[in-house]
Amino acid sequence: MIGLLPPLIIVIVSIIVLLILYSATKSFSIEAFLIGIGLLILTLIIQPPIQQLPILLLRINPEASIVTLLLVLLYAALVSGFLQELLKLIGVRGKNIVYALWLGAGFGFGEASLVVLNQLINIFSGINIPLFLGLASCYERFIVLLYHVFSAAILLQYYMRGKGLFIYVVMALTHSLMNYQAILLVKLYGSSIPILLVVYTVISVVVLFLYTIYRQGMRRLG
């Protein structure tokens, strides 16, 4: 089945990223990797109720005004950014760079696994997803996995320099706005190829920028 191609590619690409990370670090911190997965599971438990809170309290319905929609989506994005970066910061405190890299990898790999599981459920439930969307999700998982790897490392780098609060706010806002532009554009204009191109270009630029910061931080730690 051609529908199985996207989840298979996501698994292969994720494993390749992990192998590259192993080659770069010359080690594999199974503790950090499992902690990263555990933090993702914790996110899945904590995040959704917090995001739904204003919708339930204010009784916001799907036909709400565009302004209300923009605010609700912004709130949801801020919750995801500030919560996930906080959990990663707590997870890497007092550790080393290799540990931080693998914790981020565990978090990102956990997210990729959830996407694969969701895609498999859709396939075996008879829900047809356009192939281009499935293939787009492959690139998304690749770039987001890298995001979590570098963000966790940068959080530790700045924490070690006594700037933990500063980098937490910066990374949380970056994460939130990155999520917001993706959710907002898809919500308003749909999952067309031009929209996805814009969304993934923004995320790619952010990840490339984080990689640059990470490399500079490693030279500084020396």
task: Can you tell me which residue among VAL149, VAL98, VAL92 is of a type in the set (Val, Ile, Thr) and within 17 Å of PHE209 (Cα to Cα)?
output: VAL149
- line: Going through (1) part of a helix (DSSP H, G or I); (2) on the phi > 0 side of the Ramachandran plot; (3) not hydroxyl-bearing (Ser, Thr, Tyr) one by one, GLY91 fails only at (2)
- request: Scan the range 134-142 and give yes if some residue there is under 20 Å from LEU5 (Cα atoms), surrounded by fewer than 17 Cβ atoms within 10 Å (Cβ to Cβ) and in contact (Cβ under 8 Å) with a residue 40 or more places away in the chain, otherwise no.
  value: yes
- prompt: What residue, among those in the range 145-193 that are open to solvent by 40 Å² or more (accessible area, probe 1.4 Å) and among the β-branched types (Val, Ile, Thr), is modelled with the lowest pLDDT?
  reply: ILE193
query: Are any of the residues in the range 55-77 touching a His at 6+ places or on another chain (Cβ under 9 Å) and either open to solvent by 30 Å² or more (accessible area, probe 1.4 Å) or among the hydrophobic types (A, V, I, L, M, F, W, C) (or both)?
result: yes
field: Among the residues listed as ILE97, ILE90, the single one being open to solvent by 30 Å² or more (accessible area, probe 1.4 Å) and at pLDDT 95 or above
entry: ILE90
- line: Across (1) open to solvent by 40 Å² or more (accessible area, probe 1.4 Å); (2) within 19 Å of LYS187 (Cβ to Cβ); (3) of a type outside the set (Val, Ile, Thr); (4) within 14 Å of the chain's Cα centre (by Cα), PRO48 clears everything bar (4)
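The values are calculated or read from the model by the stated rules, or taken from the named source; none is laboratory data. Source: prediction; values computed, not measured. FYI the Cβ positions are ideal-geometry reconstructions off the backbone, even for glycines, and counts take in every protein chain you see. Heavy atoms of the whole protein, side chains included, go into the accessibility calculation; ligands, DNA and RNA do not. Shrake-Rupley method; radii C 1.70, N 1.55, O 1.52, S 1.80 Å.
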